[in-house]
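Each remark here refers to the structure printed beneath this line.
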Amino acid sequence: MIEYRNLRVGLLGAGSVGSQVAKLLLEHGEELAARVGASLELAGIAVRDPNAKRDVDLPAHLFTTDAESLILGSDIVVELMGGIEPARTLVLQALNSGADVITANKALLATHGPELFDAAEQVGAQLYYEAAVGGAIPIIRPLRDSLAGDRVNRILGIVNGTTNFILDRMDTHSDTLEDALASATELGFAEADPTADIGGFDAAQKAAILASLAFHTIVPIESVYREGITAVTKEQVDAARSAGYVIKLLAICERLTDQKTGEEGVSARVYPALISRSHPLAAVHGANNAVFVQADAAGDLMFYGAGAGGIETASAVLGDLVSAARRHVVGGPGVAESTHAKLPVLDIGQAITRYQITLEVVDQPGVLATIARILSEGGVSVEAVQQSVVSELIAASGPVVHSDSAPTATLVIGTHEAAEADLAATVEALAASDVVSSVASVLRVEGS
Ligand code: NAP
């Protein structure tokens with residue numbers, strides 16, 4: 001029998017993910033030891049309540065409430081508590097003691113990432129976080145290692161399973177947002193308080209992590225523009241379907257040219273957007289996640305799979321654990337977080353996108369000419385106008401006379417690409433125009 005060196009693993013948290021990590025570690029210990037060249041001993045599990053009922057039967061003697069002592073006796077610490085405190089303090093303590101740390105905590109990384117990476121660098125420890133974005137999907141390692149020699153230009157991610165489930169349900173069942181959310185809650189895809197998901201906060205944290213990694217630049221969570229899905233209506237989803245689109249909550253990270261300085265910058269933003277049904281992301285159904293990466297040499301890549309779930313996320317954590325353990329065995333510098341590019345993070349106004357604008361307009365001669373003038377004055381060029389609804393408006397000519405009692409028609413305008421600030425100002429000008437009764441819907445179009 002081979003005698004392996006022993007590596008002590010301290011686990012912080014035994015909830016949905018932590019209990020599965022403990023189970024896999026205990027069940028597959030021998031095989032992992034053979035793969036790593038060291039045995040991974042689960043030294044202890046820190047929780048709030050050692051007597052709480054758990055999803056998985058785990059040896060009672062492993063449980064402790066003394067996280068600090070557990071950390072001090074560990075070579076590798078796995079943080080699966082979630083939240084900012086005490087997770088932040090404990091992760092710092094672990095790194096400062098020289099232990100490598102594995103975490104799935106996107107909230108912690110998005111808000112305190114630079115502090116944690118600095119602490120790791122000071123002592124030559126490593127911080128791994130494959131499970132923090134996309135659950136089981138390998139995306140951190142591909143961005144950090146596999147694509148390290150390439151130049152990533154753009155990432156479009158469906159990184160929140162709850163909102164994808166809801167929007168998919170609205171698309172496939174023609175549900176309202178409220179009904180789709182109720183189904184998500186019933187089936188366990190939404191938390192009792194779904195604000196972090198439907199408000200886009202969770203996706204924004206992941207966008208900050210992905211953008212920082214892909215563009216070698218610190219992208220603070222505060223600079224990620226965020227809109228959730230709470231304003232998405234059944235009518236918008238139905239109209240999108242008829243027009244060959246689907247609405248997805250997208251985390252978008254891309255390189256942009258700063259229009260003021262001409263220099264390169266980056267943008268990170270989250271909002272519900274229309275994407276063509278022929279785009280690979282349109283085929284991401286249910287609570288699945290996918291990250292679509294566009295790189296100079298590699299071209300288009302898509303990473304797809306389960307974005308959450310205890311056992312699925314545990315797979316990513318175990319992958320990190322094997323990497324960390326191998327480094328302990330063979331030594332070497334391990335992975336380095338690179339923020340050398342220090343690109344400016346641009347605000348949403350500088351993002352280049354397309355709009356689909358649905359207007360209720362006064363149904364009388366001259367309307368189309370007035371709308372075309374407003375768009376052109378705003379520097380926005382029109383790609384398509386929904387012909388069937390506006391045929392009478394196009395045929396007609398003559399001065400516009402606005403009256404509250406005039407009948408209205410619906411006009412759907414698709415724009416070419418323009419700066420977000422110009423598009424937003426143009427929508428404001430349209431809303432203020434006499435010929436527009438109301439702006440029924442404004443959605444961005446992504447994924448061209
Ligand atoms: P969870 O089910 O809520 O479990 C949290 C665990 O941490 C529990 O065992 C809890 O102890 C322990 N804990 C919390 N606060 C503590 C404290 N102050 N002191 C000691 N122990 C404490 O969480 P989870 O769903 O497993 O998520 C863990 C992490 O993985 C989070 O960062 C989450 O964002 C991330 N993640 C989760 C998923 C997923 O599908 N669940 C997917 C991707 C990433 P008690 O059991 O005693 O209460």
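The values are calculated or read from the model by the stated rules, or taken from the named source; none is laboratory data. Since the model is a prediction, treat every value here as computed from it, not as a measurement. Don't worry about glycine lacking a Cβ; one is built from the backbone with ideal geometry, like all the others, and counts go over all protein chains shown.
Being buried (at least 17 other Cβ atoms within 10 Å of the Cβ) and away from the ligand (no atom under 11 Å from the Cβ) is the filter; apply it to segment 98-107 and report the residue that is farthest from Ala314 (Cα to Cα).
From segment 98-107, those buried (at least 17 other Cβ atoms within 10 Å of the Cβ) are 99-107; that's our starting set.
From the residues that got through so far, the ones that are away from the ligand (no atom under 11 Å from the Cβ) too are 99-101.
Details: Ala99: 20, Asp100: 17, Val101: 15 Å.
Applying the filter and picking the extreme gives Ala99.
Could you check how many residues of segment 108-119 are away from the ligand (no atom under 16 Å from the Cβ) and under 25 Å from the mean Cα position of the chain (by Cα)?
Our first condition is that a residue be away from the ligand (no atom under 16 Å from the Cβ); within segment 108-119, this holds for 114-115, 117-119.
This time we only want the ones that are under 25 Å from the mean Cα position of the chain (by Cα), so: 114-115, 117-118.
Going through segment 108-119 one residue at a time, the tally reaches 4.
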From Phe165, Phe117, grab the single residue that is surrounded by 18 or more Cβ atoms within 10 Å (Cβ to Cβ), touching a residue at least 12 places away in the same chain (Cβ under 8 Å), assigned by TED's automatic domain parsing to the domain that holds Arg226 and aromatic (Phe, Trp, Tyr).
Phe165
Failed item, numbered, when Arg444 is tested on (1) modelled with pLDDT of 95 or more; (2) surrounded by fewer than 19 Cβ atoms within 10 Å (Cβ to Cβ); (3) charged (D, E, K, R)
(2)
Filter segment 214-248 for residues that are crowded, with 21+ Cβ neighbours inside 10 Å and within 16 Å of Ser448 (Cα to Cα) and give the result.
Ala240, Tyr245, Val246, Ile247, Lys248
Pick from segment 184-210, criterion part of a helix (DSSP H, G or I) and acidic (Asp, Glu), ranking: farthest from Ala308 (Cα to Cα):
Glu186
Does Ala314 fit the bill of being in a helix (DSSP H, G or I), in contact (Cβ under 8 Å) with a residue 12 or more places away in the chain and not aromatic (Phe, Trp, Tyr)?
yes
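Which residue out of Leu40, Leu25, Leu11, Leu7 is within 13 Å of the ligand (Cβ to nearest atom) and either surrounded by 15 or more Cβ atoms within 10 Å (Cβ to Cβ) or part of a loop (DSSP other than H, G, I, E, B) (or both)? Write out each step before concluding.
On the way: Leu40 fails: within 13 Å of the ligand (Cβ to nearest atom); Leu25 fails: within 13 Å of the ligand (Cβ to nearest atom); Leu7 fails: within 13 Å of the ligand (Cβ to nearest atom).
Leu11 is the lone residue from the list that is within 13 Å of the ligand (Cβ to nearest atom) and either surrounded by 15 or more Cβ atoms within 10 Å (Cβ to Cβ) or part of a loop (DSSP other than H, G, I, E, B) (or both).
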Against the definition (out of contact with any strand residue (DSSP E or B) (no Cβ under 7 Å at 6 or more places or on another chain) and either of a type outside the set (D, E, K, R) or outside the structural domain of Ala324 (by TED's automatic domain parsing) (or both)), how does Pro138 come out, yes or no?
no
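For residues that are near the ligand (Cβ under 9 Å from one of its atoms) and buried (at least 16 other Cβ atoms within 10 Å of the Cβ), tally how many sit in segment 65-97. Let's see the steps before the verdict.
Residues of segment 65-97 that are near the ligand (Cβ under 9 Å from one of its atoms), as a first pass: 65, 67, 79-83, 85-87, 90.
This time we only want the ones that are buried (at least 16 other Cβ atoms within 10 Å of the Cβ), so: 67, 79-82, 87, 90.
So the answer is 7.
Considering Asp57, Asp49, which residue is assigned to a loop (DSSP other than H, G, I, E, B), within 12 Å of the ligand (Cβ to nearest atom) and either assigned by TED's automatic domain parsing to the domain that holds Leu92 or surrounded by 17 or more Cβ atoms within 10 Å (Cβ to Cβ) (or both)? Reasoning before the result, please.
Details: Asp57 fails: within 12 Å of the ligand (Cβ to nearest atom).
That would be Asp49, the only listed residue that is assigned to a loop (DSSP other than H, G, I, E, B), within 12 Å of the ligand (Cβ to nearest atom) and either assigned by TED's automatic domain parsing to the domain that holds Leu92 or surrounded by 17 or more Cβ atoms within 10 Å (Cβ to Cβ) (or both).
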In segment 120-136, what count of residues is obtained for those that are β-branched (Val, Ile, Thr) and within 16 Å of the ligand (Cβ to nearest atom)?
1
Can you tell me which residue is surrounded by the fewest Cβ atoms within 10 Å (Cβ to Cβ) among those in segment 133-162 that are of a type in the set (D, E, K, R) and not in a helix (DSSP H, G or I)?
Arg151
